[in-house]
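Worksheet: the structure to be examined is printed underneath.
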Ligand code: CUA
């Protein structure tokens, strides 16, 4: 009864659940007992027929006194001791933990690994390894909450706080902020992936995302950073004022500051405003409206944002056109998209559920990952091998059992993948191929 906790995913979760369930059951038992008795007596001994009844004089009962003193004492002591033991376990990390730095800021979680890898609102850890989080806030009080792991701790701007747990099963979990910290508190979420040790190592050392960013045109990267780093929340691209000044036509604009002096928006001003936002605040905007991005953004990234701001109207138009194309596509006008973009929509379409079995990041699911799939040389269950090309992809969609990639099934066995024969048109097959070609 009353089992509302998510499935336990950390080593000490079962202990916590056991205690939690005991306390819940005891509370429910005594609530029913006490209220039931009160209601029963109120009815049983109510005043009847307008006549008072004499109340017997009871001077006490030693057996009852002992019972209702000893039983609750034993129960409470038992819960307290059990609680202290569990609490101790939760507060004492074993040696050899994998340490991850966590920092909270309005309204994101940043993670930093020992090799310098940084992520925002997404983190990955290996299963069956004790994890220790060293947490601090960049601004206000947040609280780091992982219900599946049964851990929660405040994250403060004034001191470090810690959490540890040992994940016992792989999967995707949610990280919440559970202390009201401002407007977007409820959106302050991070995705946690618990994966095998090998996958974790691959992910930790995979810098393809950084490489892709290095190849990106600076202004486009700036636009991406504008969205990823949360600038979008406070700075519009269409001239409308939000918490901060709009970016529309910002480059070279003369701004009046809160102290009455004037400034022209140039490289130095943008750089300073990102790392030290309080230095020169534009008149009419809150002095403490923005937190510093010092340490959260590299100089190259700031340069990309500068490139983006120099041509902000062009990039805003591109972003709007893309958003319009996506919106139009959702009403089935796919012709505005490129073939690869249509393929991506098919891949992400829930009715085909491709992503349930094929990851994009190299991790192993039911089927092979599609990361870098095009042109890869694959070994098949029957011992042959071939380069993954257009023909193979089409064959695998229409007849998945034909050539099963080795380690995903025996030769001659039926693939777990359904055939898409008759479900995709030639154009759709070509779109999927075009999309897979982009998955470097
Ligand atoms: Cu951070 Cu709520």
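Tabulated values for the structure
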item: 265, 287, 51 arranged by Cβ crowding within 10 Å, fewest neighbours leading; result: 51, 287, 265
item: Isotropically averaged projected area of segment 46-172, using the convex hull of Cα atoms (one quarter of hull area), nm²; result: 16.2 nm²
item: Contact order normalised by residue count of the chain, Cα under 8 Å, 6+ apart, percent; result: 9 percent
item: Cα centroid of segment 172-251 to Cα centroid of segment 367-388, whole Å; result: 33 Å
item: Mean ellipticity per residue at 222 nm, deg cm²/dmol - from DSSP H runs of n ≥ 4 across the chain, formula -39500 (n - 2.57); result: -12000 deg cm²/dmol
item: Segment 130-194, relative contact order [Cα under 8 Å, separation at least 6], %; result: 34 percent
item: Geometric extent, Cα atoms of the chain - Rg, Dmax (angstrom); result: 30.1, 98
item: In degrees, nearest ten, helix 62-91 long axis to first principal axis of the chain (Cα); result: 20 degrees
item: Convex hull of segment 255-388 built on C-alpha atoms - directionally averaged projected area, nm²; result: 13.4 nm²
item: Order of 108, 122, 185 - criterion: other Cβ atoms within 10 Å of each residue's Cβ, fewest first; result: 122, 185, 108
item: Segment 39-182: relative contact order in percent, alpha carbon pairs under 8 Å with at least 6 residues between; result: 19 percent
item: Ascending count of other beta-carbon atoms within 10 Å, so fewest first, for 234, 354; result: 234, 354
item: Degrees separating the helix 312-330 axis from the principal Cα axis of the chain, which is the longest one; result: 70 degrees
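Values in this text are rule-based calculations from the coordinates and carry no lab data. Only a predicted model underlies this, so the values are computations on that prediction, with no experimental measurement involved. Cβ atoms come from the backbone with ideal geometry, glycine included; neighbour counts cover every protein chain shown.
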